[in-house]
Structure formats: C-alpha cells, structure tokens
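Visitor: Okay, here's the structure, questions in a sec.
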Amino acid sequence: MATVKAPITHVIFDMDGLLIDTEKFYTEVQEIILARYNKTFDWSLKAKMMGKKAIEAARVFVEDTGISDSLSAEDFLVEREDMLRTMFPTCEVMPGARRLIQHLHATGVPICVATGSHRRHFDLKTQRHGDLFSLMHHVVLGDDPEVKQGKPSPDVFLAAAKRFEGGPIDPSKILVFEDAPSGVQAAKNAGMSVVMVPDPRLDSSYHKIADQVLSSLLDFNPSEWGLPPLEKEAS
Ligand SMILES: O=P(O)(O)OC[C@@H](O)CO
Ligand SMILES: [Mg+2]
C-alpha cells in the first residue's frame, strides 16, 4: 500500500479561484481600470493580490502600479464594485469541485470554507450554488471579527479549525485546498498541509511551499491523504 502523505481528518477549501471561477472577474475589472492609466495588469501583480482581503489587495494594486496619487485604494474598491456586482452571480463551479465536495460530505469528512471574500461578495458569488455550499459545516469570511489579518496570516484557517465539531482541530490533521500564493502561505503558517491548484499563468516559483500541486481538483486522489477513496465510476 502506498504511504499516506499525512493522516487527514478535516478539509478546508479556499473559495475564489478554487471552488468557483471568480478570479477571472477580478482580473478583467482590474485590466479595465488600469487601461485608463495606460498600464497593463500582469500575473506578477495578480499573484500578489489574489486571496487577500479586498482592502489589502486594493492597497497592493494602487501602490504597485504607481497610481495611488490618482486613485486611492478605497476609491478603487468603489469603482470596481459596479462591475463585480453583476459578474459574480454568473460564476461557475471549478472542474472537480462538485465531485470532491459531494464525495467528502457523503463519506462523513468534515469540510468548510475559509475565504478572503467578505459577506456581501460571498452572497453574490454563491447565489446559484447554494446546494453545494450548504454541504459545508461552516464558512469563515474575510470580514469575520476573528480574522484580524487576511492571508498570508493564518487567522482565517485557525478560525476555521476552531469551528469544526470538537474543535480546535489539530492543524496537522487538516488539509487545505488553495489556488493563491497568499493562501498557500497562510495554510502553512497555520501548520496545515496544503494542496495547491494554481492557475497555469501563475509563476511556478509559487508552487514550492505547497505539499502537492495539481492542475485540477479532478486530479486529487483522497487515498494519498488517508481520506476515503473515490468510487472509480464517480463523475
Ligand atoms: O480567499 P479566496 O476565496 O481566494 O478569496 C479572496 C478574494 O478576495 C479574491 O482573491
Ligand atoms: Mg483563492
């Protein structure tokens, strides 16, 4: 029998870019705003913003692009909001997310979500996916009072570990799924194992600290982590 990487009992999912394809909306809106300043949005900046709380990502955006004298982080958030508000409810579930969530839920593995997104955005993004998110034991949001700092701080993952039944759960028994560099770092800072499912455009230097890197959730093999195996015929 193959050796188990770590004996996992609980699973925490990131949301944006991991369970649902909302990262493309942030990218699109940021490209539109930067074009006004004759600048282009690239993946090195994207890598620094993704996964963070809105205001933290906004500060990185205006400072890194050198537009902070013309546009404050707060005004940037107001400006992108009109576009995001109509885009978020149209988001799709990422490949393999539905199968994995349903499998873990059906086999009794406690699962939850830990996201940088605040409540208002979470509600817009999950509008059409309530069936899936209702399988989560709990959800920890970026504007939760216990989340003092966004990812890469471990706050959101430690709060998530506390709220499982019988919590706090030992971090070494928790597996986190993440797409963002800040999120992978946050999970490691919390002492948890992490499977990274990065966008292929993200520089591969960000893969290093993840315990496993997959190109899709469809490629995840629960047995490698001591989790109940997937049925071969499941789709
Ligand atoms: O933590 P996640 O769910 O990726 O959300 C962060 C969000 O603000 C987009 O980057
Ligand atoms: Mg994410």
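Visitor: Under 19 Å between alpha carbons, and skipping anything fewer than 8 positions from LYS188 in its own chain: which lysines qualify?
Guide: Result set, ordered by chain and number: LYS5, LYS48, LYS52, LYS53, LYS148, LYS151, LYS162, LYS173, LYS208.
Visitor: Could you please state how large a percent of the accessible area of segment 35-148 is carbon and sulfur, counting protein chains only and using a 1.4 Å probe?
Guide: Reported share for carbon and sulfur atoms: 51 percent.
Visitor: Take every Cα-Cα distance within segment 170-235, group them into 5 Å bins from 0 onward, and report for each bin the whole-number percent of pairs it holds.
Guide: Here the calculated profile for segment 170-235 is 4, 17, 27, 22, 16, 9, 5, 0.
Visitor: I've got another one for you. Just flag the GluC sites (Glu not before Pro) in segment 1-110 sitting in loop per DSSP whose Cβ has no more than 15 other Cβ atoms within 10 Å.
Guide: Answer in residue order: GLU92.
Visitor: Same structure, new question: Identify the trypsin sites (Lys or Arg not before Pro) of segment 114-202 meeting these criteria: DSSP loop state and at most 12 other C-beta atoms within 10 Å of the C-beta.
Guide: Answer in residue order: LYS148, ARG201.
Visitor: What does the extension gain come out to for SER68 and SER215, with contour length at 0.36 nm per residue minus their alpha carbon separation?
Guide: Between SER68 and SER215, full extension yields an extra 49.4 nm.
Visitor: Tell me the volume per residue, in Å³, of the convex hull enclosing the alpha carbons of segment 1-119. List each step's numbers first, then the result.
Guide: Numbers: hull volume 16.7 nm³, N = 119.
Value for segment 1-119: 141 Å³ per residue.
Visitor: Taking only the Cα atoms of the chain, how large is their convex hull per residue, in Å³?
Guide: 119 Å³
Visitor: With r as the distance between the Cβ atoms of GLN127 and VAL60 and R0 = 35 Å, compute the FRET efficiency 1/(1 + (r/R0)^6) and round to 0.05. Before the final figure, lay out each step's value.
Guide: Values: r = 28 Å, r/R0 = 0.79.
With R0 = 35 Å, the Cβ-Cβ based efficiency is 0.80.
Visitor: Sticking with this one: Please work out the FRET efficiency for the pair LYS148 and TRP43, using the Cβ-Cβ distance as r and a Förster radius of 22 Å; give the result to the nearest 0.05.
Guide: Efficiency for this residue pair is about 0.15.
Visitor: Place +1 on the Cβ of every Lys and Arg and -1 on the Cβ of every Asp and Glu in the chain, take the dipole about the Cα centre, and give the residue among LEU227, ILE12, VAL194 whose Cα lies farthest towards its positive end.
Guide: Most positive-ward Cα: LEU227.
Visitor: With a point put 7 Å past each Cα toward its Cβ, work out how far VAL4 is from ASN189 in nm, to one decimal.
Guide: Placing both labels 7 Å beyond Cα along the Cβ direction yields 2.9 nm.
Visitor: At 24 Å minimum axial length over the Cα atoms and a Kyte-Doolittle cut of 1.0, report the qualifying DSSP H helices in the chain, or say none.
Guide: Length and hydropathy pass: none found.
Visitor: Could you list, bin by bin from short to long, the percent of Cα-Cα pairs of segment 44-112 in 10 Å steps?
Guide: Bin by bin from 0 Å, the calculated values are 17, 32, 26, 19, 7, 0.
The values are calculated or read from the model by the stated rules, or taken from the named source; none is laboratory data. Please read these numbers as outputs of a predicted model, since none were measured by experiment. Methodologically, a virtual Cβ is constructed for each residue, glycine included, from the backbone with ideal geometry; neighbour enumeration extends over all protein chains shown. Just the protein is used for accessible areas: all its heavy atoms, side chains included, with ligands, DNA and RNA removed. Shrake-Rupley method; radii C 1.70, N 1.55, O 1.52, S 1.80 Å.
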